[in-house]
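Q: After the structure tokens below, expect a handful of questions from me.
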Amino acid sequence: MEHDTPKPLTPVKTNKLSHIPSSQQFDLFSSFWGKNVADLSNTIELWDAIPKYSFTARRQNKARDEKGRLSVYSYDFLYSKRACRVEIQPASIKDDDGSFKDFYPSVDEELVEEVLRKIFADQQFGRHDVGATESWVKFSLQMIRKELKKRGKARSIDEIKRSLDILAKTTISFFVEDDKDPVYINPILSDVTRVSREKYLNDGTAMWWAKFPALISKSINALSYRQFNYGKLMHLESQLARWLHKKLSHNYTNAHILQPYEILFSTIQRDSGLLTHPRMNANVVACETALDELKSDPILILLSWSKQERRGLKNKINDILYTFQPHPDFVSEVKAANARQRDSLQRFSGGVKPA
């Protein structure tokens with residue numbers, strides 16, 4: 001499927017961004033290997049593993065108190081075989097009537113962040129400061145709206161603005177193992193500079209800018225990201241299918257028809273945070289629906305999948321082992337990502353990976 005790249009927009013000059021010089025790390029991050037660069041982006045190893053967008057709008061509606069407030073949400077998961085926890089301080093957003101309502105980031109914010117990261121990879125809209133470990137993106141509301149619409153995820157300008165507010169006002173705290181203090185705490189987007197409504201009405205292409213999380217910037221410095229098919233990700237309807245696609249894109253580096261990928265249902269449930277129904281059967285159905293979507297045309301991530309149920313007392317299903325056979329298209333995408341990563345490491349300091 002052909003996709004047009006966004007038309008270049010004249011960026012607003014800001015002292016904050018204009019002084020940052022180009023860097024080899026950002027050059028490598030924004031250089032993709034493939035025929036259709038408009039469909040490629042990067043997964044960010046640790047940042048994408050944190051289940052930030054798993055609390056659905058429906059669950060939020062049930063969780064709010066009579067004043068529209070939400071408590072801090074805590075969730076445990078594993079990253080690189082280490083016990084981790086994320087705490088999400090919800091964003092307090094002002095309604096038209098002047099009252100405030102709390103929001104956890106969810107699917108809309110997930111999609112807006114993906115679009116911003118794609119815009120950032122276009123160097124005329126991104127800046128990366130290696131020494132300060134900071135990454136900045138310049139964008140307009142129309143750029144986000146047009147990209148979402150092109151990818152079949154249309155949102156209104158007001159919905160996009162609310163998502164940006166939620167991303168800027170949600171605080172993420174990340175804990176590793178038994179540490180009482182977080183190793184990382186920050187909003188999803190920080191230092192957001194907005195365009196006034198009056199200026200936007202006069203010029204729909206007026207530019208905002210925002211700073212990405214330090215975990216993204218550190219990944220750029222360390223070359224710990226991986227290329228993946230952003231076009232397919234944005235085509236997927238299921239949030240769990242998108243999570244699985246990213247996990248496979250980052251971890252299934254030896255993808256081959258003779259090298260199947262195995263994962264437990266319990267692992268998917270624990271680390272995605274997206275299978276929260278009280279009945280296991282409902283969660284299994286949701287998981288397998290997402291797996292079927294990964295087989296569908298034009299996604300073609302999986303050629304097939306199978307399962308082995310693990311039963312316990314009274315023949316109750318305790319867990320399920322899923323085995324994935326990759327589609328040849330996905331294998332080709334992984335090979336391109338591997339080649340790009342090898343090339344990047346060779347080009348950077350003679351193949352020595354930066355700290």
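Each row is one residue, and each column tells you yes or no for (1) at pLDDT below 95; (2) in the same structural domain as T253 (by TED's automatic domain parsing); (3) closer than 24 Å to E262 by Cα.
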residue: C287; (1), (2), (3): no, yes, yes
residue: D297; (1), (2), (3): no, yes, yes
residue: S306; (1), (2), (3): no, yes, yes
residue: N315; (1), (2), (3): yes, yes, yes
residue: T323; (1), (2), (3): no, yes, yes
residue: L345; (1), (2), (3): yes, yes, no
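Q: Based on what the data block shows, is L258 without any contact (Cβ under 8 Å) to a residue 60 or more places away in the chain and either loosely packed, with under 13 Cβ neighbours inside 10 Å or in the same structural domain as R151 (by TED's automatic domain parsing) (or both)? Explain how you work it out, then say what you get.
A: Details: without any contact (Cβ under 8 Å) to a residue 60 or more places away in the chain: yes; either loosely packed, with under 13 Cβ neighbours inside 10 Å or in the same structural domain as R151 (by TED's automatic domain parsing) (or both): yes.
Taking the combined requirement at face value, the residue satisfies it.
Q: Please find, among S54, S71, S41, the residue that is over 30 Å from A132 (Cα atoms), crowded, with 21+ Cβ neighbours inside 10 Å and not charged (D, E, K, R). Lay out the reasoning, then the answer.
A: Details: S71 fails: crowded, with 21+ Cβ neighbours inside 10 Å; S41 fails: over 30 Å from A132 (Cα atoms).
Going through S54, S71, S41 in turn, the sole match is S54.
Q: What residue, of K149, K138, is part of a helix (DSSP H, G or I), assigned by TED's automatic domain parsing to the domain that holds P51 and over 15 Å from the mean Cα position of the chain (by Cα)? First the steps, then the outcome.
A: Working: K138 fails: part of a helix (DSSP H, G or I).
None of the others qualify; the one that does is K149.
Let's see how each residue does on (1) outside any helix (DSSP H, G or I); (2) assigned by TED's automatic domain parsing to the domain that holds D179; (3) modelled with pLDDT of 95 or more:
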{"position": "K35", "(1), (2), (3)": "yes, yes, no"}
{"position": "S41", "(1), (2), (3)": "yes, yes, yes"}
{"position": "K52", "(1), (2), (3)": "yes, yes, yes"}
{"position": "Q60", "(1), (2), (3)": "no, yes, yes"}
{"position": "D65", "(1), (2), (3)": "yes, yes, yes"}
{"position": "I88", "(1), (2), (3)": "yes, yes, yes"}
{"position": "D102", "(1), (2), (3)": "yes, yes, yes"}
{"position": "P105", "(1), (2), (3)": "yes, yes, yes"}
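Q: Quick check on L313: is it crowded, with 16+ Cβ neighbours inside 10 Å and not basic (K, R)?
A: Working: crowded, with 16+ Cβ neighbours inside 10 Å: no; not basic (K, R): yes.
Against the criterion (crowded, with 16+ Cβ neighbours inside 10 Å and not basic (K, R)), L313 does not qualify.
Q: Residues that are over 16 Å from the mean Cα position of the chain (by Cα) and among the aliphatic types (A, V, I, L, M): which strands (runs of 3 or more DSSP E) entirely in segment 171-289 hold 1 or more of them? Spell out how you get there, then give the answer.
A: On the way: elements: 171-176, 184-187, 190-193, 208-211, 225-229, 261-264.
So the answer is 171-176, 184-187, 190-193, 208-211, 261-264.
Q: Among (1) under 19 Å from I268 (Cα atoms); (2) touching a helix residue (DSSP H, G or I) at 6+ places or on another chain (Cβ under 9 Å); (3) among the β-branched types (V, I, T), where does V86 come up short?
A: (2)
The values are calculated or read from the model by the stated rules, or taken from the named source; none is laboratory data. Everything numeric in this text was worked out from a predicted model, so none of it was measured. Neighbour counts are summed over all protein chains in view; Cβ atoms, including those assigned to glycine, are modelled from backbone coordinates with ideal geometry.
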